[in-house]
Amino acid sequence: MTNEQEKTFNIAIAGLGTVGCGLIRLIEKNKDIIEFRTGKKIKIFAVSAKSKEKKRAVNLENIAWVSDPMEFTNFDQVHCVVELIGGHEGIAKDLVFQSINKGKNVVTANKALLAHHGHEIAVLAEEKKVNVYYEAAVAGGIPIIRTLMQSLSPNKTSQIIGVINGTCNYILTEMEKSSLSYETAFNKAKGLGYVEADPELDIGGIDSAHKLAILSSIGFNQKASLEDINTNGIKHISLFDIKSAKELGFKIKLLASAKVTEHGFHHEVAPCLIPLTSPIAQVMGSENIILVESDFIGKTYYRGAGAGEGPTASAVMADLINISGDKVKPLFGIPEQQLRTIEHSIREFENSFYIRISIRDEPGALSHITGILGEYGISINRMRQKDHKGLEAPIVLLTHKTSAEKIRTCIEQLSKDDICIGLPVCLRIEDI
């Protein structure tokens, strides 16, 4: 083998969407500085996508085109397969598993695949002695995966909380900034290309749950399961809620949170109220932010672009540079068999809550509502009855700390009560 061949690291890219094309552009533009800093020449050996005829703003003339990306696994020259197709089943899953089975390293941005099949992938990668890197799968512009695995590895993590879906944060920001309804802000995000093909992945909190499962597996050395993550989205948040929260000194953010408490492990994705002074409240538009609290470092914040061509392509490229020189490392930082199963307990988890209820404007209605709260031992901290017209009176309540189980059962009763109009909205207040 010549010296030139030893320096060359051949990759094959499956998927030429925004990130795939961005990666090609990055390699072409910065190939000299990459080689200077790493001593490696990253070469695109082959690419594959649905359509060869589709116009793309990249030059593919000197790159082999392969109709079926599964063929990548048969090329001895390919050192690493880059999976940028997406989805947790089908060709993306098959390609990753086959690549590992054939002894090839893998770089992926596929958070759904890792959330659903990460532990199977970890076991197989350890068996075949290959690396699977995925920095771009969570908050593309923030190097949070490597930070958790390396810089924070001497610490015991007590909580990971963040805004890790840029689409939802953009929608909530536009509602606040421009006084838009949820529907108008959603359509604006969709027009800008921020919304997934299946919108429920974003607005239903599923994308955030995928990412939280990955972060929890690393940060808490646990076998994180999507089934254990209580997941709620932002569809029920109204402009009224956004304005009411601000008047009370809060902002509403879709938070992904994993924390160790005296009652067990709390794992949730849900819209929450956070103080206006919190660093997390300052994140606007499609930006992401992640708070990690550890025993010796304390609270550290990581903020940056969550997605987009440049940040995500850069994260993929960083993985390629690292994988070209790294020894084999476990997928989640430690061997899969050492990952723990942690008891989850959301029912006993205690917080203060924001409750918005619309009630019939009639004598005794308000005392009836407060009476139901009292039946469940829920104490009111603050209450506001908003100005209104007609027979519907909106009420906003902030509770003292109480258990999630008490709130859940109380809200269920309120939603069935004839005095209430429509469904109540209940949001956790997170003091971060």
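Values quoted throughout were computed directly from the atomic coordinates according to the rules given, and no laboratory measurement underlies them. Only a predicted model underlies this, so the values are computations on that prediction, with no experimental measurement involved. A quick note on method: Cβ atoms are made from the backbone with ideal geometry, for glycine too, and the neighbour counts reach across all protein chains shown.
So how do Met383, Met317 line up by other beta-carbon neighbours within 10 Å, fewest first?
The most exposed by this proxy come first: Met383, Met317.
How big is the range 289-428 along each principal axis, measuring the range of its Cα positions in Å and listing the largest first?
Over the range 289-428, Cα extents along the principal axes are 74, 36, 28 Å.
For the range 297-398, which GluC sites (Glu not before Pro) are both in a DSSP coil and crowded by at most 16 other Cβ atoms within 10 Å?
Counting only loop positions with at most 16 other Cβ atoms within 10 Å, the GluC sites (Glu not before Pro) in the range 297-398 are Glu343, Glu348.
In which sequence would Glu247, Glu35 go, from the one with the fewest C-beta neighbours within 10 Å to the one with the most?
In increasing order of surrounding Cβ atoms, one gets Glu247, Glu35.
List the DSSP H helices in the chain whose Cα atoms stretch 18 Å or more along the helix axis and whose mean Kyte-Doolittle hydropathy is at least -0.5.
Qualifying helices, which must be both long enough and hydrophobic enough, are 18-38, 111-128, 206-219, 309-323.
How big is the convex hull of the Cα atoms of the range 350-429, per residue, in Å³?
It comes to 78 Å³ per residue, whole-number rounded.
Mind sorting His368, His266 by how few other Cβ atoms lie within 10 Å of their own Cβ, fewest first?
Ordered by Cβ neighbours within 10 Å, fewest first: His368, His266.
Indicate the gyration tensor shape class of the range 3-137 (rounded, prolate or oblate), computed on the Cα atoms with a ≥ b ≥ c the square roots of the eigenvalues: a/c under 1.5 is rounded; otherwise a/b larger than b/c is prolate and the rest oblate.
It comes out oblate by the Cα gyration axes.
Which trypsin sites (Lys or Arg not before Pro) from the range 99-148 combine a DSSP loop assignment with at most 15 other Cβ atoms within 10 Å?
Lys129
What do you get for trypsin sites (Lys or Arg not before Pro) in the range 340-432 restricted to DSSP loop and a cutoff of at most 13 other Cβ within 10 Å of the site's Cβ?
When the trypsin sites (Lys or Arg not before Pro) of the range 340-432 are filtered for loop state and at most 13 Cβ neighbours within 10 Å, Arg347, Lys389, Lys401 remain.
Radius of gyration and Dmax for the range 144-305's Cα atoms, expressed in Å?
For the range 144-305, the Cα-based Rg and Dmax read 15.6, 46 Å.
So what's the gap between the Cα centers of the range 186-257 and the range 373-432, to the nearest angstrom?
Cα centres, the range 186-257 to the range 373-432: 22 Å.
Exceeding 23 Å between C-alpha atoms, which entries from my cross-link table qualify? They are Lys52/Lys190; Lys129/Lys223; Lys223/Lys401; Lys43/Lys327; Lys31/Lys93; Lys7/Lys327.
Exceeds cut-off: Lys52/Lys190; Lys223/Lys401; Lys31/Lys93.
With a ≥ b ≥ c the root eigenvalues of the C-alpha gyration tensor of the chain, is it rounded (a/c under 1.5), prolate (a/b larger than b/c) or oblate?
Cα axes put the chain in the prolate bin.
Quick one: net charge of Asn322's neighbours, Cβ under 13 Å, K/R +1, D/E -1?
Taking every other residue near Asn322 into account, the sum is +2.
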